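Asks: Sharing a structure with you now.
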Amino acid sequence: MSKTKQRLDSSLSGILQWLTEREDEMVASVREMVVRESPTHDKEAGDKLCSHLADEFARLGGQIKIHQQRTAGNHLQVNFAGASSRQPLLLLGHFDTVHDLGTLRTMPWREHRGRLYGPGVFDMKSGIVQMMFALWALHETAEGLPRPVIVLLVSDEEQGSSSSRRITEKLAQRCAAVLVCEPSGPGGALKTARKGVGGFRLKVTGHAAHSGLDFEKGHSAILELAHQVRALSGLTDLKRGITLNVGVIRGGTRTNVIAAEAIAEVDLRVARKSDGAVMERRVRRLRAVNPNCTLHIEGGINRPPLERTKHVAALFEKAREVARELGFKLNEITVGGGSDGNFTAGIGIPTLDGLGAVGDGAHASHEHVIASELPRRAALLAGLIGAIE
Ligand SMILES: [Zn+2]
């Protein structure tokens, strides 16, 4: 990135113009990230991208702190100084993707009709580039950053954020609000509510027997699991936004053996925090229909829901005002999927999600972003950094 010496007009329109002139540089930056593949839990690949990002953010005047991890990929924290009378904001994101190493061979970086394609381009490498350019633009204004900003980019979001969760929550605690640059919803909508996510593993132990010689001595774990699958699925309450999906079952060994063991893996989603605890209790309370079978249940809520509290609604209102000033209309949506924003909302820090790129196909082979939206989304972020009290 080459830096201009001339000071930038700090009005929103000035910032937008400055960013629009740099659309090609933004695209080049996205490309630099996409060609560095970074599947979750590939420490070597993740760490390489982490240090590339550290260099980029250091060039913008950020103070780098790498949270070294032994097995997971390292996490990147960047502190930007700003008008210190104001509470900092946390810009949150992740640089891991769901795509395995080598995906670039079948899903190469490609620009086509104003769209950028490649693994992780939408979820959420372009979102990170938008953060970078928003901070750069603010840095170039005569006043500099209107407040301190902390950037946290983690390496393990796509698999539950087990090694980064504590860091995320600790940093959020110091901040007035959290802005999550995960992909936007359709048409660029922000995400003002996300469901909480949980998981359970139910293991049924029965009693094996020969299905011909000793049928009556056996107690089928598979039959018992079938009862439990119905019971679990019966806990779904669509009106309250509670869903249970038994997504995986395993069990048995041969057709002529009564199964001694069967396992179900279950995904739970809740719209309200209080329902998380209720559902944990209900699942744990399941009892075997056949008293000769035993159930072993583990798991629970992993990410609490991001609820549309009045603080979240107020943040969205601010974003809408900034968008209006930039000349576009911003919508909001509720989604079933979780992000690290669920953690920060869960500890009571106002969190606005979906501020990342405009595009489609997260986690899929047609994953892409719209290049011409990059400057505008970065301007929205820059404007919000100043507008939030
Ligand atoms: Zn994501």
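Asks: Do you know which of the residues in segment 62-100 that are of a type in the set (Gly, Ala, Ser) and out of contact with any Pro (no Cβ under 9 Å at 6 or more places or on another chain) is nearest to the ligand (Cβ to nearest atom)? Explain how you work it out, then say what you get.
Replies: First pass over segment 62-100, keeping only residues of a type in the set (Gly, Ala, Ser): 62, 72-73, 81-85, 93.
Add one more test, that the residue is out of contact with any Pro (no Cβ under 9 Å at 6 or more places or on another chain), and what stays is 62, 72-73, 85, 93.
Numbers: GLY62: 22, ALA72: 16, GLY73: 15, SER85: 33, GLY93: 8 Å.
Of everything passing the filter in segment 62-100, GLY93 is nearest to the ligand (Cβ to nearest atom).
Asks: Given the criterion in the same structural domain as LEU90 (by TED's automatic domain parsing) and surrounded by 22 or more Cβ atoms within 10 Å (Cβ to Cβ), identify the matching residue among ALA176, ALA189, ALA172. Steps first, answer last, please.
Replies: Details: ALA176 fails: surrounded by 22 or more Cβ atoms within 10 Å (Cβ to Cβ); ALA189 fails: surrounded by 22 or more Cβ atoms within 10 Å (Cβ to Cβ).
Only one candidate passes the filter, namely ALA172.
Asks: Can I ask one more? Filter segment 358-387 down to the residues that are in a helix (DSSP H, G or I) and of a type in the set (Gly, Ala, Ser) and list them by number. Quick ask: steps written out before the conclusion?
Replies: Keep residues of segment 358-387 that are in a helix (DSSP H, G or I), which gives 373-387.
Once the filter is applied, which keeps residues that are in a helix (DSSP H, G or I) and of a type in the set (Gly, Ala, Ser), segment 358-387 yields ALA378, ALA379, ALA382, GLY383, GLY386, ALA387.
Asks: Okay, next question. Here are LEU330, LEU355: which of them is within 20 Å of the chain's Cα centre (by Cα) and not in a helix (DSSP H, G or I)?
Replies: LEU355
Residue-by-condition table, conditions (1) on the phi > 0 side of the Ramachandran plot; (2) within 30 Å of the chain's Cα centre (by Cα):
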residue: ALA221; (1), (2): no, no
residue: LEU225; (1), (2): no, no
residue: ARG230; (1), (2): no, no
residue: GLY241; (1), (2): yes, yes
residue: ALA262; (1), (2): no, no
residue: VAL266; (1), (2): no, yes
residue: VAL270; (1), (2): no, yes
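Asks: Then there is this: How about segment 68-90: which of its residues are in contact with a Leu (Cβ under 8 Å, 6 or more places away or on another chain) and within 18 Å of GLY341 (Cβ to Cβ)?
Replies: Across segment 68-90, the qualifying residues are HIS75, LEU76, GLN77, LEU89, LEU90.
Asks: Any chance segment 287-305 includes a residue that's within 16 Å of the ligand (Cβ to nearest atom), buried (at least 20 other Cβ atoms within 10 Å of the Cβ) and at pLDDT below 95? Working first, answer last.
Replies: Initial filter on segment 287-305 (within 16 Å of the ligand (Cβ to nearest atom)): 302-303.
Now narrow it down to the ones that are buried (at least 20 other Cβ atoms within 10 Å of the Cβ): 303.
Subset that is at pLDDT below 95: 303.
So far as segment 287-305 goes, yes, one or more of its residues are within 16 Å of the ligand (Cβ to nearest atom), buried (at least 20 other Cβ atoms within 10 Å of the Cβ) and at pLDDT below 95.
Asks: Additional query: If THR106 satisfies every condition in (1) among the β-branched types (Val, Ile, Thr); (2) touching a strand residue (DSSP E or B) at 6+ places or on another chain (Cβ under 9 Å); (3) more than 12 Å from the ligand (Cβ to nearest atom) but one, which is the exception?
Replies: Of (1) among the β-branched types (Val, Ile, Thr); (2) touching a strand residue (DSSP E or B) at 6+ places or on another chain (Cβ under 9 Å); (3) more than 12 Å from the ligand (Cβ to nearest atom), only one is false for THR106: (2).
Asks: Given (1) in contact with a helix residue (DSSP H, G or I) (Cβ under 9 Å, 6 or more places away or on another chain); (2) surrounded by 16 or more Cβ atoms within 10 Å (Cβ to Cβ), where does ILE66 come up short, assuming only one miss?
Replies: The one condition ILE66 does not meet is (2).
Asks: For segment 164-191, enumerate the residues that are more than 23 Å from ALA323 (Cα to Cα), among the polar types (S, T, N, Q) and within 16 Å of the ligand (Cβ to nearest atom).
Replies: Passing the criteria: SER164, THR168.
Asks: Can you tell me which residue within segment 192-218, out of those that are β-branched (Val, Ile, Thr) and either more than 16 Å from the ligand (Cβ to nearest atom) or on the phi > 0 side of the Ramachandran plot (or both), is surrounded by the most Cβ atoms within 10 Å (Cβ to Cβ)? Working first, answer last.
Replies: Taking segment 192-218 and keeping what is β-branched (Val, Ile, Thr), we get 192, 197, 204-205.
Keeping just the survivors that are either more than 16 Å from the ligand (Cβ to nearest atom) or on the phi > 0 side of the Ramachandran plot (or both) gives 192, 204-205.
Details: THR192: 24, VAL204: 28, THR205: 17.
Of everything passing the filter in segment 192-218, VAL204 is surrounded by the most Cβ atoms within 10 Å (Cβ to Cβ).
Asks: A further question on this structure: Considering segment 325-349 alone, what residues qualify as being buried (at least 22 other Cβ atoms within 10 Å of the Cβ) and either over 15 Å from SER184 (Cβ atoms) or more than 12 Å from the ligand (Cβ to nearest atom) (or both)? Walk me through how you get there before you give the answer.
Replies: If we filter segment 325-349 for residues that are buried (at least 22 other Cβ atoms within 10 Å of the Cβ), which is where we start, we get 338-345.
Of everything in segment 325-349, those that are buried (at least 22 other Cβ atoms within 10 Å of the Cβ) and either over 15 Å from SER184 (Cβ atoms) or more than 12 Å from the ligand (Cβ to nearest atom) (or both) turn out to be GLY338, ASP340, ASN342, PHE343, THR344, ALA345.
Asks: I would also like to ask the following. For segment 63-82, state whether one or more residues are under 26 Å from ALA177 (Cβ atoms) and part of a helix (DSSP H, G or I).
Replies: no
Asks: Tell me which residues, restricted to segment 123-171, are part of a strand (DSSP E or B) and not hydroxyl-bearing (Ser, Thr, Tyr). Give the derivation first.
Replies: Initial filter on segment 123-171 (part of a strand (DSSP E or B)): 141, 149-154.
Within segment 123-171, VAL149, ILE150, VAL151, LEU152, LEU153, VAL154 qualify.
Asks: Only residues that are of a type in the set (D, E, K, R), at pLDDT 95 or above and more than 16 Å from the ligand (Cβ to nearest atom): list them for segment 109-162, please.
Replies: ARG110, GLU111, ARG113, ARG115, ARG147
Asks: Of these, ARG194, ARG147, which one is over 20 Å from CYS50 (Cα atoms), of a type outside the set (Val, Ile, Thr) and within 13 Å of the chain's Cα centre (by Cα)? Break it down stepwise before answering.
Replies: On the way: ARG147 fails: within 13 Å of the chain's Cα centre (by Cα).
Unique residue meeting the criteria: ARG194.
Asks: I want to confirm something. Restricting to segment 96-124 and keeping residues that are charged (D, E, K, R) and in contact (Cβ under 8 Å) with a residue 40 or more places away in the chain, which single residue is surrounded by the fewest Cβ atoms within 10 Å (Cβ to Cβ)?
Replies: Pass one, segment 96-124, residues charged (D, E, K, R): 96, 100, 105, 110-111, 113, 115, 123.
Now drop any that are not in contact (Cβ under 8 Å) with a residue 40 or more places away in the chain, which leaves 96, 100, 111, 115, 123.
Details: ASP96: 28, ASP100: 11, GLU111: 14, ARG115: 16, ASP123: 27.
Step by step, filter segment 96-124, then rank; the result is ASP100.
Asks: A follow-up question, please. Filter segment 306-318 down to residues that are of a type in the set (A, V, I, L, M) and surrounded by fewer than 17 Cβ atoms within 10 Å (Cβ to Cβ) and give me whichever is nearest to the chain's Cα centre (by Cα). Steps first, answer last, please.
Replies: Taking segment 306-318 first, the residues of a type in the set (A, V, I, L, M) are 306, 312-315.
Still in the running and surrounded by fewer than 17 Cβ atoms within 10 Å (Cβ to Cβ): 313-314.
On the way: ALA313: 20, ALA314: 22 Å.
If we take residues in segment 306-318 being of a type in the set (A, V, I, L, M) and surrounded by fewer than 17 Cβ atoms within 10 Å (Cβ to Cβ), then ALA313 is nearest to the chain's Cα centre (by Cα).
Asks: Kindly indicate the residue of segment 180-227 that is of a type in the set (Asp, Glu) and assigned to a loop (DSSP other than H, G, I, E, B) and also modelled with the lowest pLDDT among those meeting that condition. Please lay out each step first, then the result.
Replies: Taking segment 180-227 as the starting set, the residues that turn out to be of a type in the set (Asp, Glu) are 182, 214, 216, 224.
So of that shortlist, the ones also assigned to a loop (DSSP other than H, G, I, E, B) come out as 182, 214.
Numbers: GLU182: 98, ASP214: 95.
Only one residue fits best here, namely ASP214.
The values are calculated or read from the model by the stated rules, or taken from the named source; none is laboratory data. Treat the numbers as computed from the prediction; the structure is a model and nothing was measured. Positions of Cβ are generated from backbone atoms using ideal geometry, with glycine treated the same way; all protein chains shown enter the neighbour counts.
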